[in-house]
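Notes for the one structure printed next.
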Amino acid sequence: MGDLQKSTQITDAKRIVIKIGSALLVDAKHGTVHRKWLESLAHDIAEARARGQEVVIVTSGAIAVGRRHLDLPNGSLRLDEKQAAAACGNIRLAHAYQEVLGHHQISVAQILVTLEDSENRRRYINARNTIETLLRVGAIPLINENDTVATDEIRFGDNDRLAARVAAMVSADTLVLFSDIDGLYTADPGKNPDARFIPVVEHITDEIEAMAGGAASNVGSGGMTTKIAAAKIALNAGCRMVITKGERAHPLKALENGEKATWFLPEATPRNARKQWISGSLKAMGEIVVDDGALKALKAGKSLLPIGVRAVNGDFMRGEAVSVKGPDGREIGRGLIAYGSEDARKIIGVKSSEIKEKLGYIGRDEMIHRDHLVVEL
């Protein structure tokens with residue numbers, strides 16, 4: 001099997017974000033969930049979990065479900081009507097997911113986010129940590145846009161880009177967009193019989209962007225344009241993305257068996273992309289000076305523990321980038337700090353087991369975890 005063929009195998013994924021479009025999930029006329037389809041997807045997810053894969057779901061459909069139950073009119077809704085519909089629909093959607101996945105002894109935890117949550121550093125870290133914890137304890141995070149509180153200015157507007165932001169946030173290696181479109185074509189296949197299907201995209205060029213068309217469904221808000229935008233976000237994070245038609249039963253299994261799809265392939269891995277982002281894109285808001293023992297540990301690829309810290313300089317918040325310097329004052333790397341500057345100073349030279357005593361709460365053992373640290377020696 002060649003490298004390209006290997007890179008388009010869903011079974012090779014370690015952490016998968018699955019985005020489900022409204023048209024697949026919700027009956028547009030009655031506002032009910034397509035239960036049998038969802039049950040088949042739950043079965044696929046259970047199989048993926050059984051082979052050691054982690055799964056995060058980004059779901060659409062809350063407004064489509066809620067508007068019918070609230071007897072809201074057809075056509076465009078006002079912002080307050082969308083928010084009311086989402087408040088009603090989110091409950092019903094979460095319940096449906098919990099029921100179908102509960103049959104496989106899988107717990108579901110709902111997380112509602114806004115665009116601000118992915119751009120504000122503190123909210124970003126909190127959301128990432130919550131999702132990571134849920135995955136660690138075996139639950140499936142169920143994520144949707146928080147339409148009940150978001151204004152137009154802080155909305156994603158579509159769940160394709162939301163799913164890509166989530167994939168980047170949790171360093172997923174695969175993003176699956178289940179939609180009513182089976183992939184990318186050179187033109188709209190519904191209007192142009194000469195439209196050619198594109199199975200693999202390795203670079204998003206101006207030509208690729210020009211191929212994007214409008215939304216095919218009157219239920220959802222995402223067309224090919226938003227999917228290309230999502231692909232940009234995913235690929236920059238080292239995450240491959242696949243667009244495939246999800247209408248048939250067992251859509252994840254179908255993808256595994258070679259269902260028609262377009263794969264977008266990144267140049268880097270999620271880990272390498274994240275390291276590049278930390279080292280090249282973030283401004284250091286402070287600095288941490290380490291001792292010789294910590295310097296040796298960092299060279300060996302270990303995390304930075306408080307006991308190896310000599311000094312904390314500057315004012316910064318948890319999750320911000322800081323410069324890491326050796327005993328001679330030379331910068332040796334950069335990382336995302338697990339503590340704000342005030343708390344970081346309180347635990348200088350402290351053993352990890354003593355952090356609670358110093359701070360009054362149970363914090364992280366590491367000052368900077370190795371996954372959030374780039375050492376340049």
Checklist outcome for this item: Expected max-MSF residue from D160, D206, D291 in the GNM of the chain (alpha carbon, under 10 Å) is D206
Next on the checklist: Positive end of the dipole of the chain, charges at C-beta (+1 Lys, Arg; -1 Asp, Glu), about the Cα centre: which of N129, P193, V33 has its Cα farthest in that direction?
Outcome noted: N129
Checklist entry - How many percent of the accessible area of the stretch 1-145 is carbon or sulfur, using a 1.4 Å probe? => result 49 percent
Item to check | Residue-wise HN-Hα coupling along the stretch 322-337, computed from phi with Karplus coefficients 6.51, -1.76, 1.60 (Hz; x: Gly, Pro) | outcome: 9, 7, 10, 10, x, x, 8, x, 7, 5, 10, x, 8, x, 9, 7
Next on the checklist: What number comes out for accessible area per residue over the chain if the probe is 1.4 Å? Units Å², please.
Outcome noted: 47 Å²
Checklist entry - Hey, what angle do you get for helix 35-50 against the long axis of the chain, alpha-carbon based, 0 to 90 degrees rounded to 10? => result 30 degrees
Next on the checklist: Taking 41 Å as R0, compute the FRET efficiency from the Cβ-Cβ separation of K36 and D188 and round it to 0.05.
Outcome noted: 0.85
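Multiply the residue gap between E132 and H203 by 0.36 nm, knock off their C-alpha separation, and tell me the result in nm, one decimal place.
Working: separation 71, 0.36 × 71 = 25.56 nm, distance 2.96 nm.
So the chain would gain 22.6 nm between E132 and H203.
In what sequence, highest mean first, do 318-327, 341-350 appear when ranked by Cβ atoms within 10 angstrom?
Numbers: 318-327: 20.2, 341-350: 17.1.
Result, highest mean first: 318-327, 341-350.
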Item to check | Dipole of the stretch 210-348 [Lys/Arg +1, Asp/Glu -1 at C-beta], most positive-end residue of G314, A338, A231 | outcome: A231
Checklist entry - What's the extension gain from E256 to D12 if we count 0.36 nm per residue and subtract their Cα-Cα distance? => result 86.9 nm
Checklist outcome for this item: Between A284 and E116, the two model label points (7 Å from Cα along the beta-carbon direction) sit apart by a distance in nm of 3.2 nm
Checklist entry - Modelled label-to-label distance, D365 and R51, 7 Å Cα→beta-carbon offset: nm? => result 3.2 nm
Checklist outcome for this item: Phi-derived 3J(HN,Hα) across the stretch 106-116 with the Karplus relation (6.51, -1.76, 1.60, θ = phi - 60°), rounded Hz, x for Gly and Pro, is 10, 8, 10, 10, 8, 10, 10, 10, 10, 4, 4
Checklist entry - Can you list residues whose amide H is under 5 Å from N146's amide H, if they're 5+ apart or on another chain and H is modeled 1.01 Å from N? => result V113, T114
Checklist entry - DSSP beta bridges in the chain, what fraction antiparallel, as a percent rounded to 5? => result 40 percent
Checklist entry - Given H placed on each backbone N at 1.01 Å, which residues far from V58 in sequence or on other chains put an amide H within less than 5 Å of it? => result I18, K19, I20, I143
Next on the checklist: Just to be sure I understand: with springs between alpha-carbon atoms less than 10 Å apart, which residue in M169, M224, M317 has the highest mean-square fluctuation in the Gaussian network model of the chain?
Outcome noted: M317
Checklist outcome for this item: Under the Karplus relation with 6.51, -1.76 and 1.60 and θ = phi - 60°, whole-Hz ³J(HN,Hα) for the stretch 195-200, x at Gly and Pro, equal 4, 9, 6, 10, x, 9
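If Lys and Arg each add +1 and Asp and Glu each add -1, what is the summed charge of the other residues whose beta carbon sits under 12 Å from the beta carbon of G286? Let's see the in-between values first.
Working: positive: K283, R318, K325, R334, R345; negative: E287, D315, E320, E342.
Net charge in that neighbourhood comes out at +1.
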Checklist entry - In the structure shown, do any of K302/K351; K275/K358; K14/K36 have a Cα-Cα gap over 25 Å, and if so which? => result K275/K358; K14/K36
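Can you tell me the FRET efficiency between E331 and S76 if r is taken as the Cβ-Cβ distance and R0 is 41 Å, rounded to the nearest 0.05?
Details: r = 54 Å, r/R0 = 1.31.
Given R0 = 41 Å and the Cβ-Cβ separation, E is 0.15.
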Item to check | Residues whose placed amide H lies under 5 Å from that of Q53, excluding near-sequence neighbours | outcome: none
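The values are calculated or read from the model by the stated rules, or taken from the named source; none is laboratory data. None of the values given here were measured: they were computed from a predicted structure. Don't worry about glycine lacking a Cβ; one is built from the backbone with ideal geometry, like all the others, and counts go over all protein chains shown. Side chains are part of the model used for accessible areas, which takes the heavy atoms of the whole protein and leaves out ligands, DNA and RNA. Shrake-Rupley method; radii C 1.70, N 1.55, O 1.52, S 1.80 Å.
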